[in-house]
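A short write-up of the structure that comes next.
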Amino acid sequence: MTDPSFPQSRRDLFKMIGAAGGGAAMYQAMTTLGHAAETQFTGPPRLSGAPKGSSVVVLGAGLAGMLAAYELMQAGYKVTVLEYQDRPGGRNYTIRGGDKIVEVGGATQTCTFAPGNYVNPGPWRIPHHHRTLLHYCKAFGVELEPFIQMNHNAFVHRSKAFGGKPQRYRDVAVDFKGHVAELMGKALNAGSLDDKLTKEDKDKLLVAMREWGVLDKNMSYTSNLAVSGQRGYDKAPGGGVGGAPTPSQVNGLSDVLSSNVWTQMGFYFNYVMQTTMFQPKGGMDMIGKAFAKRLGKMIRYNAKVTEITQNETGVTAVWEDTKTGQKASTSAAWMVNTIPLPVLNQIPMQVGPKLQAAIKAVPFNGQLKIGIEMKRRFWEDDYSIYGGHSFTDQAIGLISYPNNNMFSDGPAVLLGAFANGAGAFQLTGMTPEQRIEAALAQGSVFHPAEYRKEFISGVSLAWSRVPWIMGCTSRWTEESRAAHYQNLCAIDGRIVLAGEHATYYGGWMEGSMLSALDAVERIHKKASAA
Amino acid sequence: MKARLVLGVGVLTLAAATGLRAQDGPGGGPTAVEVASEGREVYEQICQACHMADAKGGSGAGAAIPALAGNPRLADKDFGTTILLKGRGGMPWFSDILTPEQMAAVLTYVRSHFNDYKDPVTVADIERLAAL
Ligand SMILES: Cc1cc2nc3c(=O)[nH]c(=O)nc-3n(C[C@H](O)[C@H](O)[C@H](O)COP(=O)(O)OP(=O)(O)OC[C@H]3O[C@@H](n4cnc5c(N)ncnc54)[C@H](O)[C@@H]3O)c2cc1C
């Protein structure tokens with residue numbers, strides 16, 4: 001027998017709290033119980049009861065637009081999605097053999113990767129706490145596999161450290177930790193911190209430094225077998241008569257400092273960069289395709305929206321069929337507009353001055369990625385590197401090794417560049433051929449004997465030159481958030497904006513989706529009240 | 001106000017700060033990428049990424065990257081400076097990538113090479129507008 005007033009499961013408990021105190025109370029309770037602090041997602045919106053005959057036009061078939069369309073369709077709205085490209089997904093994009101890339105300015109590339117090979121030029125990794133995205137992947141049967149985020153055996157390279165010779169991340173990270181622990185121990189033993197610590201805590205901290213830094217009995221960080229147990233051996237432990245290992249040599253403090261390895265160590269501490277991470281099997285665009293399958297004919301491709309008008313009763317998008325040049329327009333009661341701001345700020349749209357100003361206030365970053373197909377997986381065969389990233393301070397930023405099909409023969413694709421800042425501008429300004437040459441020259445630092453020898457082909461995506469976005473991700477500042485964010489999100493008459501620029505989780509698919517859910521909930525509420 | 005602050009700090013420090021952005025990014029340490037000091041080279045290494053080698057820009061999905069070549073708005077010396085310092089629409093500010101010297105050099109180059117405005121933009125011009 002069960003007592004109906006007593007919650008049977010945590011979920012029931014949340015429901016009760018939700019009913020009593022509303023969403024905020026529920027969210028707080030979930031956080032207290034160790035759930036949900038990670039995302040504002042509390043489950044799909046489960047909208048229902050769209051006003052009879054009510055319609056919505058959605059601009060953009062990226063994840064924000066398609067999620068909005070999907071949930072509004074579920075609620076009973078008549079939905080049309082207008083998309084400029086001939087494919088769904090927007091930035092959720094994968095390049096494979098046969099795909100053609102045409103840049104603003106006209107540069108054209110055709111990818112020649114072998115069947116099954118691909119590069120994800122935009123999103124490529126999904127943190128375990130992006131619950132909205134993971135929810136829809138699971139619901140739509142998008143198969144996910146691990147994305148190898150952290151690889152101790154990959155390299156760290158700085159032009160001015162170690163004579164320009166890349167170091168294994170493991171070696172320099174362990175050395176950094178060891179030296180810092182030794183110095184901390186010295187400061188503690190010299191009494192330098194006695195006014196900051198109780199005697200008891202000082203003793204504990206000394207033990208911690210010895211154990212954490214793998215210090216010897218003199219509290220020194222030295223080359224020995226215990227340290228090699230973390231940073232690897234000169235001669236690894238073996239079997240039989242010659243089985244005894246010999247230790248590796250630790251690096252001196254100044255060399256380790258010049259490697260800047262703490263930036264990588266810190267990188268892996270970032271909440272959005274922590275393991276476990278995932279990627280869809282077969283390419284990131286599997287997610288966009290899964291949404292598109294559920295929307296079917298609702299999406300109108302090759303539709304370039306050129307103007308947006310509205311009045312008291314509805315909203316109209318004027319568009320051009322990019323294949324035929326024919327002009328058309330689509331009217332609906334409401335609009336969810338997910339066109340990226342660098343494009344949207346140039347499209348005439350009938351909205352108030354506050355929203356106009358907000359749309360113009362957010363510039364976009366311009367990152368660049370390069371996929372390189374190699375004849376064989378030399379990073380696996382010759383270097384024991386399986387997934388993960390090798391970092392460099394050169395323009396390419398890093399090279400990253402494929403997470404799938406490990407140990408297989410035949411060509412494989414690695415990420416040959418993920419450039420941002422000045423490096424991205426430099427590479428973007430080059431011709432596609434020059435970019436590949438730069439990527440080969442810079443990437444060779446990690447695999448000098450193999451990089452050019454095994455090279456087959458490469459393809460680059462310079463986001464600043466992608467016609468439907470002319471940028472990569474939105475760049476808010478504290479000032480622009482304070483002045484414009486609420487205005488950007490507020491419903492203007494019949495129009496609401498959503499997407500990567502309308503979230504505090506910019507630069508992540510999760511943020512685009514959370515933005516879409518928030519937008520459709522508000523539109524549905526307004527439509528229901530009207 | 002922000003620009004003034006930024007101009008005082010070295011480029012390296014700022015590059016390191018990008019690691020603090022929550023957006024997806026490569027995640028390496030500070031970059032060793034250096035931007036040249038000469039106007040034409042700054043154009044090729046930075047501006048050309050979007051405005052193209054011929055400075056004619058290009059068109060996209062109902063929007064365009066504006067041409068800098070033959071652009072009458074550049075007659076006003078301060079027009080380009082303000083954009084480099086503050087950004088405009090989809091274009092970000094460049095105060096974290098270019099020094100005042102590089103900004104002056106590239107603006108002078110763009111105005112005289114792709115247009116016919118011969119009076120140079122000076123570091124003093126940049127600093128005057130950055131102080132606003
Ligand atoms: C280099 C890079 C790396 C990233 N890495 C990650 C990552 O690892 N993990 C992660 O979660 N996220 C990552 N992101 C962010 C992620 O890609 C975005 O947050 C998300 O995909 C954006 O979805 P959206 O629907 O908001 O916008 P978009 O996907 O950009 O959709 C906008 C749509 O509008 C269409 N459109 C534009 N103009 C018009 C017009 N005039 N008429 C009609 N349609 C138009 C476009 O074609 C596009 O389909 C990355 C992004 C980039 C660029």
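The values are calculated or read from the model by the stated rules, or taken from the named source; none is laboratory data. Just so we're clear, the structure is a prediction, and the values are computed from it rather than from any experiment. We place every Cβ from the backbone using ideal geometry, glycine too, and count neighbours over all the protein chains shown. Just the protein is used for accessible areas: all its heavy atoms, side chains included, with ligands, DNA and RNA removed. Shrake-Rupley method; radii C 1.70, N 1.55, O 1.52, S 1.80 Å.
Scanning region A:130-169 for residues that are free of Cβ contacts under 8 Å to residues at least 40 places away in the same chain, part of a helix (DSSP H, G or I) and charged (D, E, K, R) yields a total of 1. Selection of region A:391-415 for residues being of a type in the set (Gly, Ala, Ser) and within 12 Å of chain B (Cβ to nearest Cβ) yields A:Ala395, A:Gly397, A:Ser400. Kindly indicate which of A:Ser228, A:Ser223 is under 26 Å from A:Thr263 (Cα atoms), in a loop (DSSP other than H, G, I, E, B) and in contact with a strand residue (DSSP E or B) (Cβ under 7 Å, 6 or more places away or on another chain). Just one listed residue meets the conditions, A:Ser223. For region A:43-72, filtered to residues that are away from the ligand (no atom under 16 Å from the Cβ) and not small (Gly, Ala, Ser), the residue that is most open to solvent (accessible area, probe 1.4 Å) is A:Lys52.
Residues in region A:498-530 that are within 10 Å of the ligand (Cβ to nearest atom) and of a type outside the set (S, T, N, Q): 14 in all. Pairing each residue of region A:114-129 that is within 12 Å of A:Asp99 (Cα to Cα) with any residue that is open to solvent by 30 Å² or more (accessible area, probe 1.4 Å) and more than 7 Å from the ligand (Cβ to nearest atom), provided the two are 6+ apart or on different chains, yields C-beta distances under 6 Å for A:Ala114/A:Pro411; A:Tyr118/A:Arg96.
Tell me which helices (runs of 4 or more DSSP H) are completely within region B:18-132 and hold 2 or more residues being of a type outside the set (Lys, Arg) and more than 30 Å from A:Ile308 (Cβ to Cβ), or say none if there are none.
Values: elements: B:39-42, B:48-51, B:77-86, B:100-113, B:123-130.
So the answer is B:39-42, B:77-86, B:100-113, B:123-130.
As for region A:251-261, it holds at least one residue that is modelled with pLDDT of 95 or more, in a loop (DSSP other than H, G, I, E, B), within 27 Å of A:Gly387 (Cα to Cα) and more than 14 Å from chain B (Cβ to nearest Cβ).
When each of B:Gly58, B:Gly87 is tested for being within 16 Å of the ligand (Cβ to nearest atom) and either over 30 Å from A:Met349 (Cβ atoms) or within 12 Å of chain A (Cβ to nearest Cβ) (or both), the lone residue that passes is B:Gly58.
Taking the conditions (1) within 23 Å of A:Ala107 (Cα to Cα); (2) modelled with pLDDT under 95; (3) of a type outside the set (S, T, N, Q) in turn, B:Gly19 satisfies each one other than (1).
Could you tell me which of the residues A:Thr108, A:Thr80, A:Thr94, A:Thr39 is of a type in the set (S, T, N, Q) and either surrounded by fewer than 17 Cβ atoms within 10 Å (Cβ to Cβ) or within 10 Å of the ligand (Cβ to nearest atom) (or both)? After applying the criteria, what remains is A:Thr108.
For region A:395-409, state whether one or more residues are open to solvent by 20 Å² or more (accessible area, probe 1.4 Å) and within 30 Å of B:Asp54 (Cα to Cα). No. Of the conditions (1) in the same structural domain as A:Met335 (by TED's automatic domain parsing); (2) over 23 Å from A:Ala317 (Cα atoms); (3) in contact with a strand residue (DSSP E or B) (Cβ under 6 Å, 6 or more places away or on another chain), A:Ile436 clears all except one; give me its number. So A:Ile436 meets the others, but not (1). If the condition is being more than 12 Å from A:Glu83 (Cα to Cα) and in contact with a strand residue (DSSP E or B) (Cβ under 6 Å, 6 or more places away or on another chain), then region A:288-309 contributes A:Gly288, A:Glu307, A:Ile308, A:Thr309.
Out of all the residues in region A:420-436, is one or more away from chain B (no Cβ under 14 Å) and either open to solvent by less than 10 Å² (accessible area, probe 1.4 Å) or not acidic (Asp, Glu) (or both)? Yes - at least one qualifying residue is present in region A:420-436. The set of residues in region A:468-490 that are more than 16 Å from the ligand (Cβ to nearest atom) and either crowded, with 17+ Cβ neighbours inside 10 Å or more than 10 Å from chain B (Cβ to nearest Cβ) (or both) comprises A:Ser480, A:Arg481, A:Ala482, A:Ala483, A:His484, A:Gln486, A:Asn487, A:Ala490. Of the residues making up region A:54-66, one or more are at pLDDT 95 or above, over 21 Å from A:Glu510 (Cβ atoms) and among the β-branched types (Val, Ile, Thr). Of the residues making up region A:441-461, those that are away from chain B (no Cβ under 14 Å), open to solvent by less than 40 Å² (accessible area, probe 1.4 Å) and either within 16 Å of the ligand (Cβ to nearest atom) or out of contact with any strand residue (DSSP E or B) (no Cβ under 6 Å at 6 or more places or on another chain) (or both) are A:Ser444, A:His447, A:Glu450, A:Tyr451, A:Val459. Condition first: closer than 16 Å to A:Ser54 by Cβ, of a type in the set (Gly, Ala, Ser) and within 11 Å of the ligand (Cβ to nearest atom). Now tell me which residues in region A:310-351 satisfy that. Within region A:310-351, no residue meets the criteria. In the condition set (1) without any contact (Cβ under 8 Å) to a residue 12 or more places away in the chain; (2) under 23 Å from B:Asp54 (Cβ atoms), A:Val466 is compliant with all but (1).
Quick test of your reading of the structure: A:Ser464 fulfils all but one of (1) assigned to a helix (DSSP H, G or I); (2) away from the ligand (no atom under 16 Å from the Cβ); (3) within 12 Å of chain B (Cβ to nearest Cβ). Name the failing condition by number. Only one criterion in (1) assigned to a helix (DSSP H, G or I); (2) away from the ligand (no atom under 16 Å from the Cβ); (3) within 12 Å of chain B (Cβ to nearest Cβ) is unmet by A:Ser464, namely (2). Of all residues in region A:151-167, none are within 16 Å of the ligand (Cβ to nearest atom) and either over 29 Å from A:Gly296 (Cα atoms) or buried (at least 22 other Cβ atoms within 10 Å of the Cβ) (or both). Go through region A:280-301 and give me each residue that's within 14 Å of chain B (Cβ to nearest Cβ) and either open to solvent by less than 10 Å² (accessible area, probe 1.4 Å) or at pLDDT below 95 (or both). Matches in region A:280-301: A:Met284 only. Of the helices (runs of 4 or more DSSP H) that lie entirely inside region A:309-388, those containing 1 or more residues that are open to solvent by less than 10 Å² (accessible area, probe 1.4 Å) and within 12 Å of another protein chain (Cβ to nearest Cβ) span A:341-344, A:353-360.
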